[in-house]
Amino acid sequence: MPSADVVVIGAGLAGLTAAIAAAESGARVHVLAKGHAATHWGPGGIDVAGIPAASTPRDGIRLLAGEAGHPYAFLGADVAAALDWIRPHLAAGGVEYVGDLDTPLQLAPTSIGGTRRAAILPAGQAAALSPWAAGERLVICGIAGFKDFWPEAIAASLARARVWDGGNRPASVTPISVVLPGLAGRHNLNALEIARRFDDPAWRTSAIEAMARAIAAAPGSGGRVAVPAVLGIRDHAAVLDAIGGKIPAATFEMPLVPPSVPGMRLYAALRAALIRAGGRVQIGEMIERIDRDGRAVTAVVSAAAARTYTVRAGALVLATGGIAGGGLVAERDGRLLEPLLGLPVEAPAADDWLAVDAFEPAGHPLEKAGIRTDAELRPVDADGTPVFENVRVAGSLLAGQRYIRDRCGDGVALASGWRAARSLSAVPAGRAAAPGSERP
Amino acid sequence: MGESHAYDVLVVGGGATGAGVLRDLARRGLRTLLVERGDWGTGTTGRYHGLLHSGGRYVAKDRLAAQECISENRILRRIAPASIEDTGGYFVATPADPDDYVTAFPAACLAADVDCEEIPVAEALRREPALNPAIRRAFKLPDGSVEPWQLIESNIADARALGSDAWSYQRLVEMEREGERIVAATLRDERSGSLTRITPRFVVSCAGAWAGQIAAMVNVSVTMHPGKGTMLIYNQRMTDTVINRCHKSSDGDIMVPVHTVAILGTTEQRVEDPDQYEITRDEVAALIREGENLFPDLGRMRLLRAYAGVRPLYQPPAEVTADALKDGRQISRAHTVLDHASRDGVENFVTIVGGKLTTFRRMAEDTVDLVCDKLGVTEPCTTADAILPNQVPGKTYWLGHRLAEHEAEGGGDNGLLCECEFVTRPMLDAFLDRHPGCSLDDVRRGTRLGMGPCQGGFCTFRAAGVVGERAGHAGAADVAELADRAILGFLRERFKGTRPIAAGRQLQEQWMISGVYGGGLGVESLIEHGTPDASGEVAGAQR
Amino acid sequence: MTIAELIMDASEEAVGYSSDECLKCNVCVTVCPVARVTDLFPGPKYVGPQAQRFRTGHAQPVQVPGAPFMLSPDVTVDYCSGCGWCTSACPAGVKIAEMNSQSRARMKAGKRPKLRDWGLGQTDLVGQVGVLFSPIANWALANRPIRAIMETTVGIHRQAPFPKFGRRTLQSTWKRRQKRRGTTAAPGPDRAVVYFHGCSANYYEQHVADAAVEILRRNGFETIIPEQVCCGLPLISNGIYTDARQKAHRNLDVLAPYARQGYRIIGTSTSCTHTIKAEYREMLDLHDEDATVVANATWDICEFLLDLHEQGKLNTQFGRLDEDLPYHAPCQLRSHGIGLPAMDLFALVPGLRAADMDHDCCGIAGTYGMKKEKYPIGMAVGAPLFEKIKASNAPEAACDSETCRWQIEKATGTRTRHPIEILLDAYRAGDSERLAARGPLAPAGT
């Protein structure tokens, strides 16, 4: 049976970060994942701490670290290092990020006409973030026939001051719709389909020309332009260049409902980085059980046709996601379980899981549920004793964060993935602790 | 609203009964106005089990009700086939069901004229393999499932074609009584707030569980015993046949396939106010346990949501027993027409209470017979003979039709706004054309948008976008508020149903959707705390 | 099959229950090779768990005079190629590809199968006849006008890649060989394995079987080749489940006794072995002990060799092969869930620079890409793979599945062989190296 120094379960931001970091420090890394989840659903940004009280992400980390039980209490310091380390990897995969921990948090408009607080965004979305000059206008440019983006509704909503918290916002918001070549009459059309077309240079040219003409003719033009997040998948950088060359207005993508093209770009870049570092990724692995010997995990066993597939593991990173990712399962009898290792889960009583109002301002108590760990990310029991020595927990599986409300999920994922790998590289007896590779 | 408000009859309450009364009155030549405070069928009709009764549930204890059911069952199949799915029904004896009831069952069916044929258990299991393999006996009865909103709209359409009217979002706020007559009624437009005064010759209350509130407007006392019934919606049809337990009615003893889902019901709990009730996790757990008598693997199957309807139970004061107050099941399901002339001294007022959706037409006929008698109208009732508009005789509902129709046009996801339930843009446009100013919840009832596994996650904003696009001509501010209310109200409404069943895959679905809306889409920024949205909910309010 | 019937499928791999798991997240759509290239296919989510809620078995519509009698509401699911990527990528465990296969079968049930679909399922019949008349058959299949007629009449694309019929079947060759050797008792299961050769090795690619037998011998295993018939996958893929079950039963009757004695059943076709491992139970609903014991005993040959290696028992006397070798992992291999054993074996061969082409599907998808209306789709699906292989300028490529090999070879012009044929080359290179090391004409004893 194959064996790996580090087996990572989960191929999201946390899992792949841990895997790349571990592989670069010399470990043989095997990533096993049931499928794609958060990466293909999320907006593709790096949300570190987008709370209203914070001026910058760094400020937000500090504030959240002060909340009882938040992972930033012990991970906060790792966010900067993890971010600096991962950026070049992502850039090598065609995804450049703009902004850092000291960039002021701003409101970026969204594809349902709302706003979200952000500071670090991929280059394709970043133009949303600079403050609006007096009189600066916004054009919402939709694509005819594309059902996941509705310019009129978006523009009408963004024209209201209250959506921008009464603060800095565009002077006007104008909807337009562009007919792009070859899309009319299609029975199937989603964001990915359009993105793939943008990868084709010939189509790209005629599409961008059509967009440029429509934007120039729009009454509210001259400021910035928002488009749905469909600007290429493999050749995103080339598409951005082409847009920059043809459309004078600063243009930015707005993320949509899944499948998220920006999220898929991020995944592709992470996967490429892992493979470059010599790691292995297997998608489609349903983990059946994890073998253990005392407080050490020894092997990960997944379902195969007519048998099981076993990978011997020197160490394990559990990055299976929270409730959305399937890493935490809610039983009908009110228990919240971590199904792979049976780790103790910190969660409120079932009757208290959800507030009555869907949009309860204080949030739903269940959001903070997850696995409690020590500062080294080892899962611990109620006494604080590590349940396993060679297991690290990373990502939204960690207890104490409200990643939706506080927009801290990506920061926690990066920092915990980074820390997990470093923690493991220092662990095994007989193996020289390899320093994490530094990049200029 | 018409210029002339001179109606012969004002009918209050736009559920199935009200719509049936409207149609019957119109057909007998009376110019009638039906009013409803919300969208059509948002009372008990819209929150019921979806069952077209064979009457089998009543043969033992309430033969009258059983006979009415089977008679109307046959009539509805004739006049409203498109609203009915001919699922057939089984009454099965599970190990938990006592022998004496089962033994007496076939004879009781015969006595009530309810078709009942015993079939071998093996055949029942072959056709419905999810059934409890330990069932002892199985009977085939003509149950079916029925889609109430289409039924209501057909009745209204028939009446409108004859010159009567039906207004939704018009709440009856006041009735003026002078001596022994109601002389006027005031309606408030729930969207604009404007008031309209109607002066009908007669008033019929079809307000069901709310009948007491309507009667109170003219100092008439009608005491309703609203009975809450909770139901669970399963994501898939683990049965294509209506399944009843062959026993004395109790909780969780019936599973009805309705369109793409299967609905397990129900419970019985007295509530004080038909607009205020709660569904608890314990209640849900108890229902599932009962349901496992019929389908042992029920615990593995995915629940989409829980909802409750309030039964319009009525028992005349002299007959109210302590037992009946505790156990609503003892109260007769047969309907009662209250003649307020003899009962309360108001000459031109009648209330219809009780009954069930299956017998709505008969309830209407009985009511309209009385009304016509008092108005001196001798036209006979024709509602049982005339097929409803836009129906093909004998062509009942087929589950596959939406998929088949879409596939016939080349299929594909692009044409679908709600992918789970195959709701297309033309369908949505047609509905919005017919229901200007409606909410997305109204759209849901009329098209099934948002009723699938994602519970509106992927279609809400699309529908809001269409609403926004259409309303774009009305001005920016309106569009935005409309879209907001649409998105927020709809999501809140869906959440209400998910909360009591939050577990497993549906909770994961909810969490994923919340992550998308709260994350990249920034839905929080749309909320204006302290103001109500389309569901009538104020953010943060308790319900 | 009603939804209820699917739900109550007793096996753990129950397809029907899995439809409940769908989150509507569209991840499956992002990995679908067919949706990627054609608007005719709405993608796995639509034809799988989404459409599943609209399928019902017994509640047939009341027959309306003049209107067509519809049993199945599906049309577009026909374009699913069955590659299985959707099932792999789904985070919630929906068995989408399997569901699609069942609904395709349902679509065709009650109608007479198209001659083409029936024909493509009759691999044994076609194979026997083709071998019997191989010179003519091979000539005909290479003859353009005849292929054009085939396309018009039967619906098999004129460019569909067909292999050449062998001069005799493997079964007949083997039987002759056994006759010559005389009957001896087969060695026990620790020194012999049963070989499930599949139609390709039987009728077209006997050299793959020869390579398998030799490699097994070099690793201490004799090969037993019992009577067997087509695994039935082409029949399953074309929705002809009754005939597929007949094939399955015939194979299980032969293989089960061996499996019960502890013999492993080795296959050189990842499609055949997957069918026996999984599809007999999942798709054909065969849940008896025979099906289970045979499934548990079945191994892909690279899987088997890698397992030997992990036990330290593999003959690693590979010589040096100095070449670039593009490798394509067939879809059917991924469904096994065993990683990429061929790549791990290639890593043991000095100088062999094997590169996983990392492409989703070559487009043939069994018999799918041979059909007239599906051929362009298949070629579009495989195009990036073909480009990569051509651009590598490698002398040959490797792939574990026969139809994939034929597709790749035809589309790229690059000879494409089974991984074990490459490994055999490496063994032989090792022989040569050892011989050379001993020196020419070395006297015996030195």
Failed item, numbered, when B:Val222 is tested on (1) of a type in the set (A, V, I, L, M); (2) part of a loop (DSSP other than H, G, I, E, B); (3) surrounded by 24 or more Cβ atoms within 10 Å (Cβ to Cβ): (3)
Of all residues making up the range C:308-366, the number that are free of Cβ contacts under 8 Å to residues at least 24 places away in the same chain and of a type in the set (S, T, N, Q): 1
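Being more than 14 Å from chain A (Cβ to nearest Cβ), in a helix (DSSP H, G or I) and touching a Leu at 6+ places or on another chain (Cβ under 8 Å) is the requirement here; does C:Gln128 meet it?
In short, no.
Run down A:Leu377, A:Leu341, A:Leu328 and say which single residue is touching a residue at least 24 places away in the same chain (Cβ under 8 Å), crowded, with 24+ Cβ neighbours inside 10 Å and either under 30 Å from C:Ile265 (Cβ atoms) or more than 14 Å from chain C (Cβ to nearest Cβ) (or both). Don't jump to the end; show me each part of the working.
Working: A:Leu341 fails: crowded, with 24+ Cβ neighbours inside 10 Å; A:Leu328 fails: either under 30 Å from C:Ile265 (Cβ atoms) or more than 14 Å from chain C (Cβ to nearest Cβ) (or both).
None of the other options fit; the residue is A:Leu377.
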Qualifying residue in the range A:290-311 (condition: of a type in the set (D, E, K, R), closer than 30 Å to C:Met283 by Cβ, surrounded by fewer than 21 Cβ atoms within 10 Å (Cβ to Cβ) and in contact with a strand residue (DSSP E or B) (Cβ under 8 Å, 6 or more places away or on another chain)): no
Tally, over the range C:38-57, of residues that are within 7 Å of another protein chain (Cβ to nearest Cβ), in a helix (DSSP H, G or I) and over 17 Å from C:Ala105 (Cβ atoms): 2
Of the criteria (1) out of contact with any Asp or Glu (no Cβ under 7 Å at 6 or more places or on another chain); (2) more than 13 Å from A:Ala306 (Cα to Cα); (3) surrounded by fewer than 23 Cβ atoms within 10 Å (Cβ to Cβ), which one C:Cys272 fails: (3)
Strands (runs of 3 or more DSSP E) fully within the range C:187-304 counting 3 or more residues that are small (Gly, Ala, Ser): none
All positions within the range C:131-157 that are surrounded by 16 or more Cβ atoms within 10 Å (Cβ to Cβ) and charged (D, E, K, R): C:Arg147, C:Glu151
The one condition in (1) within 14 Å of chain B (Cβ to nearest Cβ); (2) in contact (Cβ under 8 Å) with a residue 40 or more places away in the chain; (3) over 22 Å from A:Ile51 (Cβ atoms); (4) not polar (S, T, N, Q) that A:Lys368 fails to fulfil: (3)
C:Cys404, sole failed condition from (1) in contact with an Asp or Glu (Cβ under 8 Å, 6 or more places away or on another chain); (2) touching a residue at least 60 places away in the same chain (Cβ under 8 Å); (3) of a type outside the set (Phe, Trp, Tyr): (1)
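Select, from C:Ala201, C:Ala211, C:Ala192, the only residue that is within 22 Å of C:Ile420 (Cβ to Cβ) and in contact with a strand residue (DSSP E or B) (Cβ under 6 Å, 6 or more places away or on another chain). Show your work before the answer.
Details: C:Ala201 fails: in contact with a strand residue (DSSP E or B) (Cβ under 6 Å, 6 or more places away or on another chain); C:Ala211 fails: in contact with a strand residue (DSSP E or B) (Cβ under 6 Å, 6 or more places away or on another chain).
One residue alone meets the criteria, C:Ala192.
Residue-wise test of (1) part of a loop (DSSP other than H, G, I, E, B); (2) without any contact (Cβ under 8 Å) to a residue 40 or more places away in the chain.
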{"site": "A:Leu16", "(1), (2)": "no, no"}
{"site": "A:Ala19", "(1), (2)": "no, no"}
{"site": "A:His36", "(1), (2)": "yes, no"}
{"site": "A:His40", "(1), (2)": "no, no"}
{"site": "A:Ile46", "(1), (2)": "yes, no"}
{"site": "A:Ala49", "(1), (2)": "yes, no"}
{"site": "A:Gly60", "(1), (2)": "no, no"}
{"site": "A:Leu63", "(1), (2)": "no, yes"}
Helices (runs of 4 or more DSSP H) enclosed by the range B:363-469 - at least 3 residues per element that are at pLDDT 90 or above, surrounded by 15 or more Cβ atoms within 10 Å (Cβ to Cβ) and not hydroxyl-bearing (Ser, Thr, Tyr): B:401-408, B:425-434
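So is B:Ile182 within 19 Å of the chain's Cα centre (by Cα) and in a strand (DSSP E or B) or not?
Working: within 19 Å of the chain's Cα centre (by Cα): no; in a strand (DSSP E or B): yes.
Against the criterion (within 19 Å of the chain's Cα centre (by Cα) and in a strand (DSSP E or B)), B:Ile182 does not qualify.
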Residues (surrounded by fewer than 24 Cβ atoms within 10 Å (Cβ to Cβ) and in contact with a Lys or Arg (Cβ under 6 Å, 6 or more places away or on another chain)) located in the range B:261-276: B:Glu268, B:Gln269, B:Val271
Selected residue [acidic (Asp, Glu), surrounded by 13 or more Cβ atoms within 10 Å (Cβ to Cβ), in contact (Cβ under 8 Å) with a residue 24 or more places away in the chain and more than 9 Å from every other protein chain (Cβ to nearest Cβ)] from A:Asp199, A:Asp165: A:Asp199
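Just name the residue that is farthest from the chain's Cα centre (by Cα) out of those in the range B:120-170 that are part of a strand (DSSP E or B) and within 16 Å of B:Thr87 (Cα to Cα). Break it down into steps so the answer makes sense when it comes.
Just the residues of the range B:120-170 that are part of a strand (DSSP E or B), to begin with: B:137-141, B:144-146, B:165-167, B:170.
This time we only want the ones that are within 16 Å of B:Thr87 (Cα to Cα), so: B:138-141, B:144-146.
Details: B:Ala138: 29, B:Phe139: 27, B:Lys140: 25, B:Leu141: 22, B:Gly144: 15, B:Ser145: 12, B:Val146: 10 Å.
The extreme case among them is B:Ala138.
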Residue in the range A:141-156 that is surrounded by fewer than 24 Cβ atoms within 10 Å (Cβ to Cβ), aliphatic (A, V, I, L, M) and free of Cβ contacts under 8 Å to residues at least 24 places away in the same chain present: no
Enumeration of residues in the range B:290-327 that are within 14 Å of chain C (Cβ to nearest Cβ) and either modelled with pLDDT under 90 or assigned to a helix (DSSP H, G or I) (or both): B:Pro296, B:Asp297, B:Leu298, B:Gly299, B:Arg300
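The values are calculated or read from the model by the stated rules, or taken from the named source; none is laboratory data. What you see is a predicted model, and the numbers here were worked out from it, not measured in a lab. Please note: Cβ atoms are built from the backbone with ideal geometry, for glycine as well, and neighbour counts cover all protein chains shown.
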